[in-house]
Amino acid sequence: MNTREPLHPGLRVRVAAAGGVERAMGQANVPTEIFEDRAVPAGASVRVMRGFYEGLELPLDRDWLVIGRGRGADLVIFEPTISRAHAAVGYREGGFFVQDLGSTNGTFLNGSRRERARVSDGDEIQMGRLLLRVKLPD
């Protein structure tokens, strides 16, 4: 993703292709957003509870973490039930969220299929056979 000089102090813009979306890793459409440049709180993470990488804990230390089986994903999962750019976990407007990136099999939060939803400490995110548990700072 390209980041340009701020239009206004404290704001960044993700530059997108025509139609208001950009290609993330050449795989999935990711909405173009203008967002406040706020630091992601330290201590947040996701832990793989079920799947090949069971036990792996990954810090949520950036505003956008893409999970998928494509080489360009931040967390690459070699699992046929996961799309190349399946979903993202991120931080915006003072809270963490999960967003499906147009996956074939969907993204589930605590058992319910969701396109985008805010997550809380202890929530479970399922993508295909992969199950993640969210850990957020107090």
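Residue ranking by accessible heavy-atom surface, 1.4 Å probe, largest first, among M127, M49 comes out as M49, M127.
Which value, in nm² and rounded to one decimal, describes the direction-averaged projected area of the C-alpha convex hull of the stretch 89-138?
Numbers: hull surface 13.6 nm².
Hull-based average projected area comes out at 3.4 nm².
Loop only by DSSP, 13 or fewer other Cβ within 10 Å of the Cβ. Give me the GluC sites (Glu not before Pro) in the stretch 59-126 that pass, ordered by residue number. Don't skip to the end; give the middle numbers.
Details: sites: E93, E115, E124; in loops: E93, E115.
Here the GluC sites (Glu not before Pro) that fit, given the DSSP loop and packing criteria, are E93, E115.
Just so you know, the Cα atoms of the stretch 34-130 work out to an Rg and Dmax of 12.6, 35 Å. Counting only protein chain heavy atoms and rolling a 1.4 Å probe, the accessible areas of R129, R116, R71 rank, largest first, as R71, R129, R116.
Sorting T81, T107 by solvent-accessible area of protein heavy atoms yields T81, T107, largest first, with a 1.4 Å probe.
Projecting the Cα atoms of G72, G111, G94 onto the charge dipole of the stretch 58-125 (Cβ charges, centred on the Cα centre) puts G72 farthest toward the positive pole.
Put the Cα centre of the stretch 117-135 next to the Cα centre of the stretch 63-103 and the gap is 12 Å.
The values are calculated or read from the model by the stated rules, or taken from the named source; none is laboratory data. Bear in mind that the values here come from a model prediction, so they are computed numbers and not experimental data. We place every Cβ from the backbone using ideal geometry, glycine too, and count neighbours over all the protein chains shown. Ligands, DNA and RNA are stripped out before the accessible areas are found, and what is left, the full protein with its side chains, is counted by its heavy atoms. Shrake-Rupley method; radii C 1.70, N 1.55, O 1.52, S 1.80 Å.
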